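The values are calculated or read from the model by the stated rules, or taken from the named source; none is laboratory data. Not measured: the values here are computed from a predicted model. Neighbour counts are summed over all protein chains in view; Cβ atoms, including those assigned to glycine, are modelled from backbone coordinates with ideal geometry. Ligands, DNA and RNA are excluded from the accessible area calculation, which covers all protein heavy atoms including side chains. Shrake-Rupley method; radii C 1.70, N 1.55, O 1.52, S 1.80 Å.
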Amino acid sequence: MTQRNALLVRGGWDGHEPVETTDSFIPFLEEHGFRIRVSEGTGVYTDLDYLDTVDLIVQINTMNTIERGEFAGLRRAVLNGTGLAGWHGGIADSYRDNADYLHMIGGQFAHHAGIEPSLRTGEQSDNYLDYTVNITELGKSHPITQGIADFELHTEQYWVLSDAYNDVLATTTQSVRPWDAWNRPVTAPAIWTRQWGKGRIFVSAPGHKLEVVNDPNVRTIIERGLLWAARGSEVAA
């Protein structure tokens, strides 16, 4: 097995358990031949010589900021073939003030619907709903989601702003409740991939906390997504 390099970049809001969730995938990556480096911030993105050796970046860094030079290094790596993967706000709600980052990722968290207002207590669970992740026709044949049927989750349901360049493997539909601002159901990507230059990007909107990434369907999808995004995987595809 050829050894490849994976960089885990984590930080931001602790409620997304960036340490716990990324740590949980390290044994899987090591079993698949990756040498792991963990960075507790984005400064590593300025180390261009090191990034040239990285085959996969796993980023879980929610509601944070990125300096211009750091983003330039990240984008350069992806354009040159480094895979970029992540889940939930760690990749889809990372750097809200960087339009070029949002363009590269292809989806930005906008909202997660809440329970009936009178039942809310100010806890994260105010935004936990039962919902379905629906596999698309493309997803039924894609190596990341092939063989996985539609499945149910009880967690945050991301409303994602996106564009038509994404290859959407799964969607989820926001229903309409009397207290919501919208007046018809809205379907958004839940799992998608994106080609950016020579690099592959994989995003899973589900993944709020460790208990969500430990859901068997979510974990299988993320594990496959990490392998799919990594440089060199396209040769075997």
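For this structure, a couple of remarks:
- Its alpha carbons considered, the chain gives a radius of gyration followed by a Dmax of 17.1, 56 Å.
- For the chain, the longest principal axis of the alpha carbon atoms and the long axis of helix 68-79 meet at an angle near 80°.
- Of all segments of the chain bounded by chymotrypsin sites (Phe, Trp or Tyr not before Pro) found in a DSSP loop with no more than 11 other C-beta atoms within 10 Å, the longest spans 1-164.
- Estimated from helical segments only, the mean residue ellipticity of the chain at 222 nm is -7500 deg cm²/dmol, where each DSSP H run of four or more residues counts as -39500 (n - 2.57).
- Here is the list for region 70-142: GluC sites (Glu not before Pro) lying in DSSP coil, each with at most 14 other C-beta atoms within 10 angstrom of its C-beta, are E123.
- Rounded tilt (10° steps) of 18-31 against the dominant C-alpha axis of the chain: 50
- Cα-based helix-to-principal-axis angle, 216-229 vs the chain, degrees rounded to 10: 40
- Summed residue charge, Cβ within 10 Å of V38's Cβ, Lys/Arg positive, Asp/Glu negative: 0
- Solvent-accessible surface ranking, highest first, for K140, K209, K198 at 1.4 angstrom: K198, K140, K209
- Neighbourhood net charge (12 Å Cβ-Cβ; Lys/Arg +1, Asp/Glu -1) for G199: +4
- Mean projection area, nm², convex hull over Cα of region 195-237: 3.3
- Calculated Rg and Dmax of region 130-183 using C-alpha coordinates, Å: 12.9, 39
- Distant-in-sequence amide H partners of H111 (H built 1.01 Å from N, under 5 Å): W159
- Relative contact order computed over the chain (Cα-Cα under 8 Å; 6+ residues apart), in percent: 20
- Globularity index of region 5-74, i.e. its alpha-carbon radius of gyration over 2.2 N^0.38 Å: 1.09
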